[in-house]
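Working notes, structure below.
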């Protein structure tokens, strides 16, 4: 798949730069032509000579080197590149690219490059989860730049968390998927629900839950990468919908039910990742309730059980649910799987479920197969879930 492809590898000043030697070696073994651009900081972590030997090409480290054959090198190289991979990518390089800064060869090359760009971040967890960096990543994703999320594990600082450079093999697989996309769900229509519904008490107060919507949004993004036509029905979140995914916004459980039932007959797969409130106030006040007159008791009604209703109505559709539990995780999930006529259920402990960028889940199939996944980013967890759905 990668034979004779021209890959430009950008290496920046991360301790993970040493892994670029293995990455280069593996790419060359697959028959690719690898040209390496190093930032000045990267040369402090690994020798350009090492990478030149492995790639069998000159390594570019200086913007002002005399160009070969008097070409404008960053332009001529951009014309030849099939893909630009930046691995490892620091917070600094991501910020520069997001701001359109071109102050060295690599950042200048990014602006000249018309080929796909894949960025593999590597840094401390605190830096990776910093809102500024996440905004920069979101901005670049919206511009069509691909990202492969870092992994969870032991970091150079001695802490454990998300931030390790993605596995070399995984990076190579993603390169292949970008250059020659494999779309196992092409032609399939998937409906995904996400977020936590809000059941109003008065114009400003509501009953809700702590769902961030991150899992559902990650599922929508991965399903689209797998070639599916995705509709996302989202309760309120602080997230930007994945680019290209049709998104319908709702607030309450009742509104979500109405939208889901409209679309359900037209889809092949439903993944119910939303945290739908189980109860709603019996009476909604039209005016804000004053603190002094707040009733000591608020009467509640049960909200519609959307998943159970889909289980009764489904014909050929694959139905996937989630079970967030505080005790008896597997047993409770199996009961829910059977009672709601699901094909697959994803069980997670509420301690790892809400608000975080990582999660640990157990996937249970209708046939009784139980697979416990390790602690992963929600994007990687979504990928494992979608693969399991595809196998059904």
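Structure above, values below:
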{"quantity": "Angle in degrees between helix 19-29 and the longest Cα principal axis of the chain, rounded to the nearest 10", "calculated": "80 degrees"}
{"quantity": "Relative contact order for segment 189-391, counting Cα pairs under 8 Å that sit 6 or more residues apart, in percent", "calculated": "21 percent"}
{"quantity": "Residues in segment 349-379 reached by a label modelled at residue 387 [backbone nitrogen below 19 Å; 7 Å Cα→Cβ]", "calculated": "358-366, 369-379"}
{"quantity": "Per-pair calculated FRET efficiency, R0 = 30 Å: residue 173 and residue 53 via Cβ, rounded to 0.05", "calculated": "0.75"}
{"quantity": "Gain upon complete extension [residue 297, residue 285; 0.36 nm per residue less C-alpha separation]", "calculated": "2.9 nm"}
{"quantity": "Nearest-ten-degree value, helix 214-225 long axis tilted from longest Cα axis of the chain", "calculated": "60 degrees"}
{"quantity": "Mean residue ellipticity (222 nm) of the chain, computed from DSSP H runs ≥ 4 via -39,500 (n - 2.57), nearest 500", "calculated": "-9500 deg cm²/dmol"}
{"quantity": "Between helix 329-339 and the chain: long-axis angle, C-alpha atoms, 0 to 90°, nearest 10", "calculated": "60 degrees"}
{"quantity": "Taking the chain and dividing mean pair separation by its residue count, relative contact order in percent (alpha carbons under 8 Å, at least six apart)", "calculated": "11 percent"}
{"quantity": "DSSP-defined beta bridges in the chain - what % are antiparallel, rounded to 5", "calculated": "30 percent"}
{"quantity": "Rounded, prolate or oblate (a/c below 1.5 giving rounded, otherwise prolate when a/b exceeds b/c) for the chain by Cα gyration tensor", "calculated": "prolate"}
{"quantity": "Alpha-carbon centroids, segment 269-310 and segment 156-225: separation in whole Å", "calculated": "26 Å"}
{"quantity": "Sorted by Cβ neighbour density within 10 Å, fewest at the top, the residues 186, 314", "calculated": "186, 314"}
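Read-outs: derived from the displayed coordinates by stated rules, not from any lab. None of the values given here were measured: they were computed from a predicted structure. All Cβ positions, glycine included, derive from the backbone under ideal geometry; neighbour counts span all protein chains shown.
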